[in-house]
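A.B. asks: Just passing along the structure, written as structure tokens.
The values are calculated or read from the model by the stated rules, or taken from the named source; none is laboratory data. None of the values given here were measured: they were computed from a predicted structure. Every residue, glycine among them, receives a Cβ derived from its backbone with ideal geometry; neighbour counts consider all protein chains shown. These accessible areas exclude ligands, DNA and RNA; they are computed on the full protein's heavy atoms, side chains included. Shrake-Rupley method; radii C 1.70, N 1.55, O 1.52, S 1.80 Å.
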Amino acid sequence: MIEQGLILLGAGIYGVLATTHLIYTFFSNKFDARDPRVTEAMKGSSPVLTRRLNLWSAWVGFNGSHSLGGMLFSAVYLLLGIGHMDLLRSSPSFLILAIVTSLAYLALGLRYWFRTPILGIAIATVCFLTAAARMFG
């Protein structure tokens, strides 16, 4: 039962972080540049890849899709943890995937993000690692 709680806690942390990120992206100014000239420059410039969008639209879209990815990750492991612990126990690859994904998010966080998501992701990673160690160690 402890393993299930750890998986649910880890997945729940991702759900909270990703949902908060989605809300901040579309319903707040939290990801706006502090200098309004930067936002205007982003709206007036396109990436080399295509002129069909501006950098501001790309920024918002990347943040939105990043949120959705975290929400999906959370939902999958919440569903597995709630109703399919037998699958997690019989197929370690599912828990290994959660650990690898969480470590990848942690590496990105350490390189590019700020303290709050790094702390949440670190706790979630420890939850997944501890659950795996208890189940398979």
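A.B. asks: I'd like to verify a number: residues in the stretch 8-44 that are free of Cβ contacts under 8 Å to residues at least 24 places away in the same chain and polar (S, T, N, Q), how many?
C.D. replies: Going through the stretch 8-44 one residue at a time, the tally reaches 4.
A.B. asks: Now for a different question. With 29, 54 as the choices, which residue is in contact with a Ser or Thr (Cβ under 8 Å, 6 or more places away or on another chain) and among the polar types (S, T, N, Q)?
C.D. replies: On inspection, the qualifying residue turns out to be 54.
A.B. asks: Here's another thing I want to ask about it. Please state which one of 134, 111, 89 is in a helix (DSSP H, G or I), touching a residue at least 12 places away in the same chain (Cβ under 8 Å) and surrounded by fewer than 12 Cβ atoms within 10 Å (Cβ to Cβ).
C.D. replies: 134
A.B. asks: I want to confirm something. Restricting to the stretch 36-49 and keeping residues that are open to solvent by 50 Å² or more (accessible area, probe 1.4 Å) and assigned to a loop (DSSP other than H, G, I, E, B), which single residue is farthest from residue 112 (Cα to Cα)?
C.D. replies: 44
A.B. asks: Does residue 52 satisfy being open to solvent by 100 Å² or more (accessible area, probe 1.4 Å) and assigned to a loop (DSSP other than H, G, I, E, B)?
C.D. replies: For residue 52, the condition - open to solvent by 100 Å² or more (accessible area, probe 1.4 Å) and assigned to a loop (DSSP other than H, G, I, E, B) - is met.
A.B. asks: Which pairs turn up if I take residues in the stretch 45-59 that are closer than 22 Å to residue 31 by Cα and look for partners that are of a type in the set (A, V, I, L, M) and not in a loop (DSSP other than H, G, I, E, B) with beta carbon separation below 6 Å, at least 6 apart in sequence or on another chain?
C.D. replies: 45/55; 55/42; 56/42
A.B. asks: Moving to a separate point now. What tally of residues in the stretch 1-11 results from selecting those that are surrounded by fewer than 19 Cβ atoms within 10 Å (Cβ to Cβ) and under 17 Å from residue 106 (Cβ atoms)?
C.D. replies: Matching residues across the stretch 1-11 total 1.
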